[in-house]
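Report on the structure given below.
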Amino acid sequence: MGFTDAEGCFTASVLKGTTAVRIRFILSQKWEINKSVLTHILDLLNEEAGAIKPLGKVVPHSNPGYFELILNGIENCNKIHWYFDTFGLKTKKGQSYNKWKILNAAFDKQEHLDPERRKVLAELSKDVNGGKFK
């Protein structure tokens, strides 16, 4: 089982009362010693993406002793598709990734700015980690 299969999370949200959206990739780990693992993964993603500025950051989680690698935003998330498309995911996390990738592409095309499409995307975003979204 892969690291993201076990510890990763793909999230997408259509924010209410605004035209904004939120899309994230998150890896979480417990214990201070594992913070360096997350930092190393982020460094590898930055290097492979040829990132001029970091794609994300490693930050403390709200639960003491936990840390998260967080990539925020459409552009940053676009830059890691190659990794998951190349190596894949072995659990149902692969389905979450595929849904997330579809939403990321829609957000990138600014489909969320169309009021009717926005409603559809809001519903789809609720199903990234389960549900009926195909």
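What's the total number of residues in the stretch 43-67 that are modelled with pLDDT of 95 or more and closer than 18 Å to residue 5 by Cα?
1
Pairs, please: C-beta under 6 Å, at least 6 apart or cross-chain, first residue over 18 Å from residue 84 (Cα atoms) and in the stretch 97-115, second of a type outside the set (A, V, I, L, M, F, W, C)?
Correct list of pairs: 111/117; 112/118; 113/19.
Tell me the residue from 9, 77 that is under 24 Å from residue 125 (Cα atoms) and touching a residue at least 60 places away in the same chain (Cβ under 8 Å), please.
Going through 9, 77 in turn, just one is under 24 Å from residue 125 (Cα atoms) and touching a residue at least 60 places away in the same chain (Cβ under 8 Å): 9.
Please work out which one of (1) modelled with pLDDT under 90; (2) of a type in the set (D, E, K, R); (3) out of contact with any strand residue (DSSP E or B) (no Cβ under 6 Å at 6 or more places or on another chain) is the condition residue 16 fails and give its number.
The number of the failed condition is (1).
Considering the stretch 115-128 alone, what residues qualify as being modelled with pLDDT of 90 or more and surrounded by 14 or more Cβ atoms within 10 Å (Cβ to Cβ)?
Matches in the stretch 115-128: 117, 118, 120, 121, 122, 124, 125, 126.
The values are calculated or read from the model by the stated rules, or taken from the named source; none is laboratory data. All values reported here derive from a predicted model rather than from experimental measurement. Here Cβ is always computed from backbone atoms with ideal geometry, including for glycine, and neighbour counts include all displayed protein chains.
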